[in-house]
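Q: Take this structure first; my questions come after.
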Amino acid sequence: MSTYLINHLRIPGDVPNGEGLSYLEQVEATVAPYGGKWLAQGSVDVLEGAWPGSVVLMEFPSRDAASAWYNSAAYQAIAPLRVRNAISDLVLIDSLPDGFTIKEFANDIRRALKRA
């Protein structure tokens, strides 16, 4: 089951500085051994609410692969370049199982509430 990393990214001044650029130049090599790939990156069109900054969307083959990448020595060596120069909210979320519907999800909640 695929796992997705979402980064709500805010870069002061909206342009990466030297350290930020160094991070960007190195991060891809840390992701490759774990099967990660970029699916989307950039500014967003906000339909509701507020979303300052941009978004990065990545896919990994599994939660274990995503966690192994994030905790790897190679990534942790460059992570401070991002942390010092950007504000990031990083989350992992797994893909949905085959056959998932939001209607059935709502029905499952209704059934659980009736049992409670």
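Q: Under a GNM of the chain (C-alpha, springs under 10 Å), which listed residue has the highest mean-square fluctuation: ALA50, ALA29, ALA40?
A: Taking springs between Cα atoms under 10 Å, the residue moving most is ALA50.
Q: Moving to a separate point now. Which of the helices in the chain, when you take each full DSSP H run, stretch at least 15 Å along the axis at their Cα atoms and have an average Kyte-Doolittle score of 0.5 or higher?
A: Membrane-span-like by this rule: 73-83.
Q: Enumerate by residue number the GluC sites (Glu not before Pro) in segment 41-116 meeting two conditions: DSSP loop (anything except H, G, I, E, B), and at most 10 other Cβ atoms within 10 Å of the site's Cβ.
A: When the GluC sites (Glu not before Pro) of segment 41-116 are filtered for loop state and at most 10 Cβ neighbours within 10 Å, GLU48 remain.
Q: Related question: Under 8 Å for C-alpha pairs, at least 6 residues apart: give me the relative contact order for segment 3-115, rounded to a whole percent.
A: With pairs under 8 Å counted, the relative contact order is 43 percent.
Q: Separate question: Label-point separation (nm) for ASP14 and TRP51, each offset 7 Å from Cα along Cα-to-Cβ?
A: 1.6 nm
Q: From the square roots a ≥ b ≥ c of the eigenvalues of the alpha-carbon gyration tensor of segment 1-87, which class results: rounded (a/c under 1.5), prolate (a/b over b/c), or oblate?
A: Oblate shape, in that a/c is at least 1.5 and b/c is the bigger or equal ratio.
Q: Can you list which of the trypsin sites (Lys or Arg not before Pro) found in segment 40-87 are DSSP loop residues with at most 12 other C-beta atoms within 10 Å?
A: For trypsin sites (Lys or Arg not before Pro) across segment 40-87 that sit outside H, G, I, E and B with at most 12 neighbouring Cβ atoms in 10 Å, the list reads ARG84.
Q: Only sites in a loop by DSSP and with at most 12 other Cβ atoms within 10 Å count here; which chymotrypsin sites (Phe, Trp or Tyr not before Pro) in segment 44-116 make the cut?
A: Passing sites in segment 44-116 are PHE100.
Q: Nearest 500 deg cm²/dmol is fine: what mean residue ellipticity at 222 nm does the chain get from its DSSP H runs of n ≥ 4 alone, each adding -39,500 (n - 2.57), divided by its residue count?
A: Mean residue ellipticity, 222 nm, calculated: -13000 deg cm²/dmol.
Q: Would you mind calculating the relative contact order of segment 1-63 from Cα pairs under 8 angstrom and at least 6 residues apart, reporting the percent as a whole number?
A: 56 percent.
Computed from the coordinates by the stated procedures, all read-outs in this text should not be read as laboratory data. Quantities reported herein were computed from a predicted structural model and do not represent experimental measurements. Reconstructed Cβ throughout: ideal geometry from the backbone, glycine too, with neighbour counts over all protein chains shown.
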